[in-house]
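Trainee: Before I ask anything, here is the structure I am working with.
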Amino acid sequence: MFRVASRIAARPVAAAASAAALRVAQPVFAAPAFAAVRHASRLSAAAKEELDDELSNERVMPQLPEGWTVQHKKGESRFTMTKKHGDEQLSIICQLQVLDPEVAERRANGDAADAVEHFPFTLHIVRGGKCLDFSLTHADGELVIDGMTHYESAAVAQDDSAEGEVRKERHYQGPTFAELNSGFVDAIVDYLEARGVNDDLSTFVAQYSYAIEQQEYENWLRAVADFTA
Amino acid sequence: MFRVASRIAARPVAAAASAAALRVAQPVFAAPAFAAVRHASRLSAAAKEELDDELSNERVMPQLPEGWTVQHKKGESRFTMTKKHGDEQLSIICQLQVLDPEVAERRANGDAADAVEHFPFTLHIVRGGKCLDFSLTHADGELVIDGMTHYESAAVAQDDSAEGEVRKERHYQGPTFAELNSGFVDAIVDYLEARGVNDDLSTFVAQYSYAIEQQEYENWLRAVADFTA
Amino acid sequence: MFRVASRIAARPVAAAASAAALRVAQPVFAAPAFAAVRHASRLSAAAKEELDDELSNERVMPQLPEGWTVQHKKGESRFTMTKKHGDEQLSIICQLQVLDPEVAERRANGDAADAVEHFPFTLHIVRGGKCLDFSLTHADGELVIDGMTHYESAAVAQDDSAEGEVRKERHYQGPTFAELNSGFVDAIVDYLEARGVNDDLSTFVAQYSYAIEQQEYENWLRAVADFTA
């Protein structure tokens, strides 16, 4: 069986100029049923091999900033953090990003333009049943504020069902931060800093994202090996 | 306490070449609890100052085109308009757009390429229990038709729950307008014009969007001042 | 009544430099009620004319690859395919893509950069109550693997309600394919090939998408002609 160039292409976006393509080599003379068994085993073995490779690397968990606890449910692409601050309850939700496959490939090829990774996350500050909802991002080692929404009802802010998400999209999202005056923005930055929401925290968010990604990747390899055994 | 350059960065998109970053100045020696109180008050005061500033500006509400009524619920980032036309019921839903923070920053910096603002909205024409659903945009002073969907059931077209939105995404969306022949498009334009759906209407949609945005921004400033008091 | 240039513009995206615009000619002296009737009839007639045009073209349905069955419900922008493979149940869901209007216009104007069409689809392989979920795309005549997710519960993987979609977004999506080593990717390619998931299958998906699009466009023309009669 001769295999021609076999590589994975980026998922093309609508405006994509070209799509690198995956050439699927044709099995030449194996009977289908036999081939199915053989290939299944081959994928299972390949997944196990990758898993052994991954498990041989040392794992370092980042250090949790003081006052915070962190929760992650196996199988999920998100984790949450919580902290008390006086009469306020702070919580963070970080959803691991799925890279656009095209960007991923450019990055894998060393295209510098896509080198900066971004870790967007949400911070809720709940006080007296109301909620400030911050859209934040860790990028280039620093914390960036993207937006700030106010909810009269913390329950509405924290409802992450599909219906809840739709309701939140229809809620006023707050002003465009780029248009705010810098004195006001400084006051917001200080407000967050006083709650320990700063570069160090967002650096942890980024590092913990990597750690979760790694754990989930290993679970995935195990599951693929089992499924295709 | 020395503050270094503190500015807000655009929310980075996956392909973004660089992210302007917000440097969070570190408070140097304040005790945390004391700092929290002080900073909270400072943000509350800054929000009140912004609010006073906004309230000192004269407000002009745009004039509603004849035959239409308009509805907006406080706290929501959308408004609706309705009108009778013979045996037809027309309704418009306009959702305020959240600018991509990166585009917002380029625009704030005077980048001409992003200078044109767009106001997408939906028009439903209901007749005999069925519905034509138009995707429209106001841009550069003019009305643009983006798409036109037909629903056998107006109730399905107007179900804007999360489940309803998913069902609509799976409904045939209608042809790509750029591929339609111009005579047919002219007939659609005339059909809309006969119902008062034209440049004047979409200009109102854009102006009313600004007015709503302003109202909601003021409410937001009030809420932020209260929350952080 | 003099009509000036009347053409349809692309729906502008936020970053769009300019929006080609639709100029809506103003009717000069027709009474509104009369105009409404006249224009309605004109649109209905124009839709019928387009329909006759479309129906005069010969229609060729692509040939279904062996072992698969295909299902499409009238009015929907998606179709599904199913196949048994040993103790596995394979199913494909293909959602017709709505072109970004701006891309559509560039393409209609012959802009080569947007010439490649992409047909993303999902493949579920269910076995023993669990599920492998592949994100695939047909582009440039070839099958491309975008992603591969594992679900402990096939019921979760196949729940396409709004709540189900949100739950799936929060499930670990699997690794970035561009970062996997090529030997492992080859094993995945072979695994799919052994199940008849290859260039030929994805070519069918693309061709069937065109056929469904055409059928739905004709139904849409019929519905528009009726609605505006």
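Trainee: What tally of residues in the stretch B:107-126 results from selecting those that are at the interface with chain C (Cβ under 9 Å from one of its Cβ atoms) and either hydroxyl-bearing (Ser, Thr, Tyr) or buried (at least 22 other Cβ atoms within 10 Å of the Cβ) (or both)?
Mentor: 1
Trainee: If residue C:157 satisfies all but one of (1) modelled with pLDDT of 95 or more; (2) within 22 Å of the chain's Cα centre (by Cα); (3) under 21 Å from residue A:103 (Cβ atoms), what's the number of the condition it fails?
Mentor: (3)
Trainee: Looking at the stretch B:127-149, which of the residues that are part of a strand (DSSP E or B) and more than 10 Å from chain C (Cβ to nearest Cβ) is nearest to the chain's Cα centre (by Cα)?
Mentor: My answer is B:134.
Trainee: Find all pairs meeting these conditions: Cβ atoms under 6 angstrom apart; at least six residues apart or on different chains; first residue within the stretch A:209-225 and more than 7 Å from chain C (Cβ to nearest Cβ); second residue surrounded by fewer than 16 Cβ atoms within 10 Å (Cβ to Cβ) and part of a helix (DSSP H, G or I).
Mentor: From the stretch A:209-225, the pairs are A:218/A:54.
Trainee: With respect to residue C:152, is the statement that it is over 20 Å from the mean Cα position of the chain (by Cα), closer than 30 Å to residue A:166 by Cα and not small (Gly, Ala, Ser) true?
Mentor: Here the answer is yes, as residue C:152 does meet what is asked.
Trainee: Run residue C:174 past the list (1) part of a strand (DSSP E or B); (2) within 30 Å of residue A:45 (Cα to Cα) and report the number of the one that doesn't hold.
Mentor: So the condition that residue C:174 fails would be (1).
Trainee: Any chance you could count how many residues in the stretch B:151-196 are touching a Phe, Trp or Tyr at 6+ places or on another chain (Cβ under 6 Å) and closer than 18 Å to residue B:80 by Cβ?
Mentor: Of the residues in the stretch B:151-196, 1 are touching a Phe, Trp or Tyr at 6+ places or on another chain (Cβ under 6 Å) and closer than 18 Å to residue B:80 by Cβ.
Trainee: Every residue in the stretch C:127-139 that is touching a Ser or Thr at 6+ places or on another chain (Cβ under 8 Å) and more than 18 Å from residue C:96 (Cβ to Cβ), please.
Mentor: C:129, C:130, C:131, C:132, C:133, C:134
Trainee: Being over 30 Å from residue B:60 (Cα atoms), in contact (Cβ under 8 Å) with a residue 24 or more places away in the chain and not hydroxyl-bearing (Ser, Thr, Tyr) narrows it down to one residue among B:196, B:128; which is it?
Mentor: B:128
Trainee: Of (1) outside any loop (DSSP other than H, G, I, E, B); (2) crowded, with 16+ Cβ neighbours inside 10 Å, residue A:45 satisfies all except one. Which?
Mentor: Residue A:45 satisfies every listed condition except (2).
Trainee: Can you tell me which of C:161, C:153 is surrounded by fewer than 20 Cβ atoms within 10 Å (Cβ to Cβ), at the interface with another protein chain (Cβ under 7 Å from one of its Cβ atoms) and not β-branched (Val, Ile, Thr)?
Mentor: Residue meeting the stated conditions: C:161.
Trainee: What do you reckon, is residue C:176 of a type in the set (Val, Ile, Thr) and out of contact with any Lys or Arg (no Cβ under 9 Å at 6 or more places or on another chain)?
Mentor: Judged against the criteria, residue C:176 is not a match.
Trainee: Okay, next question. Considering only the stretch C:52-102, state which residues are surrounded by 14 or more Cβ atoms within 10 Å (Cβ to Cβ) and more than 30 Å from residue C:116 (Cβ to Cβ).
Mentor: C:85, C:88, C:89
Trainee: Give the residues of the stretch A:178-229 that are within 20 Å of residue A:90 (Cα to Cα) and part of a loop (DSSP other than H, G, I, E, B), sorted by residue number.
Mentor: If the condition is that a residue be within 20 Å of residue A:90 (Cα to Cα) and part of a loop (DSSP other than H, G, I, E, B), then A:194, A:195, A:196, A:197, A:198 are the ones that fit.
Trainee: Name the residue that is farthest from residue C:220 (Cα to Cα), counting only residues in the stretch C:46-75 that are touching a residue at least 12 places away in the same chain (Cβ under 8 Å) and within 14 Å of chain B (Cβ to nearest Cβ).
Mentor: C:72
Trainee: Look through the stretch C:177-215, keep the residues that are surrounded by fewer than 22 Cβ atoms within 10 Å (Cβ to Cβ) and among the β-branched types (Val, Ile, Thr), and return whichever of them is nearest to the chain's Cα centre (by Cα).
Mentor: The qualifying residue nearest to the chain's Cα centre (by Cα) is C:212.
Trainee: With the structure loaded, tell me whether residue A:140 is touching a residue at least 60 places away in the same chain (Cβ under 8 Å) and either closer than 30 Å to residue C:133 by Cα or of a type in the set (Asp, Glu) (or both) or whether it fails that test.
Mentor: Considered against the rule, which asks whether it is touching a residue at least 60 places away in the same chain (Cβ under 8 Å) and either closer than 30 Å to residue C:133 by Cα or of a type in the set (Asp, Glu) (or both), residue A:140 comes out as no.
Trainee: A further question on this structure: Being under 28 Å from residue B:147 (Cβ atoms), hydroxyl-bearing (Ser, Thr, Tyr) and in contact with a helix residue (DSSP H, G or I) (Cβ under 8 Å, 6 or more places away or on another chain) is the requirement here; does residue C:217 meet it?
Mentor: The answer is yes for residue C:217.
Trainee: For the stretch A:113-126, name all the residues that are touching a Ser or Thr at 6+ places or on another chain (Cβ under 9 Å) and more than 17 Å from residue A:94 (Cβ to Cβ).
Mentor: Answer for the stretch A:113-126, where residues must be touching a Ser or Thr at 6+ places or on another chain (Cβ under 9 Å) and more than 17 Å from residue A:94 (Cβ to Cβ): A:113, A:116, A:126.
The values are calculated or read from the model by the stated rules, or taken from the named source; none is laboratory data. Note that this is a predicted model, so its numbers are computed, not measured. Every residue, glycine as well, gets a Cβ built from its backbone with ideal geometry; the counts of neighbours run over all protein chains shown.
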